[in-house]
Amino acid sequence: MEELPAELDHAAAIYDNAGAVHKRATKLLLSKFSEDDKLSGGSSGGSGTSAVKLPKLTLPKFSGDVTKFQEFYDQFSATIEKSELPTVSKFTYLKNLLEGEAKSSIEGLTLTEANYKTACKLLQDRFGRKELIIFSHIQSLLSLEGQGSNDLAKLKGIQDQVLVHVHSLESLGIDGNTYVMFLSP
């Protein structure tokens with residue numbers, strides 16, 4: 001019986017120590033979530049105790065297909081351009097995401113702050129012009145093959161391609177009445 005108070009004091013000390021360790025672990029986890037939020041540009045949902053772990057986002061590469069430029073640039077802008085990264089880092093990301101014709105269009109620019117803005121403008125002027133994108137979609141529609149085909153899978157593929165180009169034209173503010181005269185032959 002004499003040992004009971006000593007055991008209770010020892011148990012209380014262990015309990016207090018466990019509480020302190022739990023408190024430090026919680027604080028470390030919350031600061032880790034806060035750091036992740038700052039890096040990802042999101043928030044952990046207010047309470048700070050639960051966060052959604054999103055999969056790593058992979059940005060697409062752009063090689064010069066004008067029909068894909070706006071999608072590429074919007075994703076790049078949302079993830080990199082609007083981040084708090086230094087401008088030279090943004091330029092590094094941009095250069096690494098370009099291939100082929102797009103990469104060669106800014107090849108001679110060195111990694112500087114001023115050249116980043118120049119590179120973005122060059123890409124917009126060369127690949128982001130609305131009339132060029134519209135022309136490219138119409139050319140793609142005109143060059144679709146499969147006329148007279150009885151293969152159902154091939155016809156569904158053609159239908160999918162037509163819908164992609166039609167939806168893209170509509171998103172550019174071009175309705176069917178505008179380009180139907182080019183497609184009628």
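What number of residues within segment 49-81 are farther than 27 Å from Glu170 by Cα and modelled with pLDDT of 90 or more?
1
The conditions are (1) surrounded by fewer than 17 Cβ atoms within 10 Å (Cβ to Cβ); (2) more than 18 Å from Leu59 (Cβ to Cβ), and Glu84 fails exactly one of them. Which is it?
(2)
Against the condition closer than 15 Å to Pro60 by Cβ and open to solvent by 30 Å² or more (accessible area, probe 1.4 Å), how does Asn115 come out, does it pass?
no
Matching residues to (1) out of contact with any helix residue (DSSP H, G or I) (no Cβ under 9 Å at 6 or more places or on another chain); (2) over 26 Å from Val164 (Cβ atoms):
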{"site": "Gln70", "(1), (2)": "no, no"}
{"site": "Tyr73", "(1), (2)": "no, no"}
{"site": "Val88", "(1), (2)": "no, yes"}
{"site": "Asn96", "(1), (2)": "yes, yes"}
{"site": "Ser105", "(1), (2)": "no, no"}
{"site": "Asn115", "(1), (2)": "no, yes"}
{"site": "Leu123", "(1), (2)": "no, no"}
{"site": "Gly128", "(1), (2)": "no, no"}
{"site": "Phe135", "(1), (2)": "no, no"}
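Pull out all pairs, ordered by first then second residue, where Cβ-Cβ is under 9 Å, the residues are six or more apart or on different chains, the first lies in segment 56-84 and is on the phi > 0 side of the Ramachandran plot, and the second is of a type in the set (Lys, Arg).
As it stands, the answer is Gly64/Lys103; Gly64/Arg126, since those pairs meet every condition given.
Give the residues of segment 151-176 that are within 23 Å of the chain's Cα centre (by Cα) and outside any helix (DSSP H, G or I), sorted by residue number.
Within segment 151-176, Leu172 is the sole residue that qualifies.
Being modelled with pLDDT of 70 or more and more than 30 Å from Gly100 (Cβ to Cβ): is that true of Ala6 here?
No.
The values are calculated or read from the model by the stated rules, or taken from the named source; none is laboratory data. The shown structure was predicted, so the numbers you read here are calculated from the model rather than taken from an experiment. Cβ sites come from the backbone with ideal geometry, for glycine too, and all protein chains shown count toward neighbours. We work out accessible area using only protein heavy atoms, side chains counted, and drop any ligands, DNA or RNA first. Shrake-Rupley method; radii C 1.70, N 1.55, O 1.52, S 1.80 Å.
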